[in-house]
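S.K.: Let me begin by handing over the structure; questions about it come next.
The values are calculated or read from the model by the stated rules, or taken from the named source; none is laboratory data. Nothing here was measured: the structure is a model prediction, and the numbers come from that model. With ideal geometry, Cβ positions are generated from the backbone for all residues, glycine too; neighbour counts draw on all protein chains shown.
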Amino acid sequence: MMAVIDDRVDDLLRRLDRALPGRVEGFYVVGSVCLGAFREGRSDIDFVAILDGGLDQAELRRLRAIHLGRWASALAGDVVARRRWPLVCNGSYLQRGALARSPLEVTALASHVAGRFGSGVGVDVNPITWHTLARYGIAVRGAEPHQLEIHADPAELLAWTRANLDGYWRGWVARARGPGAGVGLVLPRRSAASGVLGVSRLACTLATGEIVSKEAGGEYALARFGPEWRVLIDDALAFWRGSPALAVFRRHPFRQVRLAADFVEHVIDACCPRTT
């Protein structure tokens, strides 16, 4: 892994071991890092942590303090000082044995994502995470992924992916088009890119059964969807790769979000056609 990733992961594990001594049995990096698609200033560090049992209220408070403290530090160091997306560790804490069960039947002990910490909920507790861990996960602590019993059902993966497109992402379209969306989307280019590349990688999974990165999803979309979407997809890829916005969008960032909503809806309809 890159030095910056090692530093953030090692820092989190040291803090966890002080707050929960002897409790963290396994720690696995998933997401863009293990897919070889990490982009500093764009990507997060996604993880799955395995604990030897449940968490009491005092332990949850300590865990919350760790993650919110790291988030505040990242905001100061990355956003304010470097003007880039804050680099933090986002993930879920699971009890021993949870990976052997369907993720649709698992309740996480706790999770953190971008300054939001919750107990009894899990960030990305879903078939994509399970499959990514089984195929590509990086063991920082604990047995290697191929030595673990991980529930990875291809049919469940495809069914969940369709449902996510038809549920979460249709909601994203509504929010992007809704009143006041321009005010709420404080990072319009990032929002547009996240929508375009997010649904593209899911469309690729439905077509191939493979878990791919956002960038690989964008490349798939360029080949799969019509030329009318090319400029939008090109700019989404340019954003993720740290390149300037294409001229057509520089003065109209919120138009880009509306166009992204049209593309997201197009992908959903192509992958999840409604029957009458």
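S.K.: Has the stretch 213-233 got at least one residue that is hydroxyl-bearing (Ser, Thr, Tyr) and closer than 29 Å to residue 152 by Cα? Give the steps one after another, and end with the answer.
M.R.: Initially, the stretch 213-233 is screened for residues hydroxyl-bearing (Ser, Thr, Tyr), giving 213, 220.
Narrowing further to those that are closer than 29 Å to residue 152 by Cα: 213, 220.
Yes, there is a match, as at least one residue in the stretch 213-233 is hydroxyl-bearing (Ser, Thr, Tyr) and closer than 29 Å to residue 152 by Cα.
S.K.: Shifting gears a bit: Which one of the conditions (1) in contact with a helix residue (DSSP H, G or I) (Cβ under 7 Å, 6 or more places away or on another chain); (2) surrounded by fewer than 21 Cβ atoms within 10 Å (Cβ to Cβ); (3) basic (Lys, Arg) does residue 214 fail to meet, given that it meets all the rest?
M.R.: It fails just one condition, (2).
S.K.: Moving on to the next point. Out of 99, 87, 75, 60, which single residue is assigned to a helix (DSSP H, G or I) and either touching a residue at least 60 places away in the same chain (Cβ under 8 Å) or in contact with a Pro (Cβ under 6 Å, 6 or more places away or on another chain) (or both)? It would help to see each step written out before you state the result.
M.R.: On the way: 99 fails: either touching a residue at least 60 places away in the same chain (Cβ under 8 Å) or in contact with a Pro (Cβ under 6 Å, 6 or more places away or on another chain) (or both); 87 fails: assigned to a helix (DSSP H, G or I); 60 fails: either touching a residue at least 60 places away in the same chain (Cβ under 8 Å) or in contact with a Pro (Cβ under 6 Å, 6 or more places away or on another chain) (or both).
Exactly one of 99, 87, 75, 60 is assigned to a helix (DSSP H, G or I) and either touching a residue at least 60 places away in the same chain (Cβ under 8 Å) or in contact with a Pro (Cβ under 6 Å, 6 or more places away or on another chain) (or both), namely 75.
S.K.: For the stretch 228-276, please list each of the helices (runs of 4 or more DSSP H) lying entirely inside it that holds at least 2 residues being in contact with a Gly (Cβ under 9 Å, 6 or more places away or on another chain) and at pLDDT 90 or above.
M.R.: Values: elements: 230-240, 247-250, 253-271.
The qualifying helices (runs of 4 or more DSSP H) are 230-240, 253-271.
S.K.: Quick check: anything in the stretch 12-35 at negative phi, part of a loop (DSSP other than H, G, I, E, B), over 18 Å from the mean Cα position of the chain (by Cα) and in contact (Cβ under 8 Å) with a residue 12 or more places away in the chain? Quick ask: steps written out before the conclusion?
M.R.: From the stretch 12-35, those at negative phi are 12-21, 23-30, 32-35; that's our starting set.
With the extra rule that they be part of a loop (DSSP other than H, G, I, E, B), the set shrinks to 20-21, 23, 35.
From the residues that got through so far, the ones that are over 18 Å from the mean Cα position of the chain (by Cα) too are 20-21, 23.
Keeping just the survivors that are in contact (Cβ under 8 Å) with a residue 12 or more places away in the chain gives 20, 23.
Checked the stretch 12-35: at least one residue is at negative phi, part of a loop (DSSP other than H, G, I, E, B), over 18 Å from the mean Cα position of the chain (by Cα) and in contact (Cβ under 8 Å) with a residue 12 or more places away in the chain.
S.K.: Filtering the stretch 173-197 down to residues that are surrounded by fewer than 21 Cβ atoms within 10 Å (Cβ to Cβ) and under 16 Å from the mean Cα position of the chain (by Cα), which residue is modelled with the highest pLDDT?
M.R.: 194
S.K.: For the stretch 11-58, which residues satisfy the criterion of being closer than 13 Å to residue 109 by Cβ, of a type in the set (A, V, I, L, M) and either touching a helix residue (DSSP H, G or I) at 6+ places or on another chain (Cβ under 8 Å) or surrounded by fewer than 20 Cβ atoms within 10 Å (Cβ to Cβ) (or both)?
M.R.: 16, 20, 24, 48, 49, 50, 55
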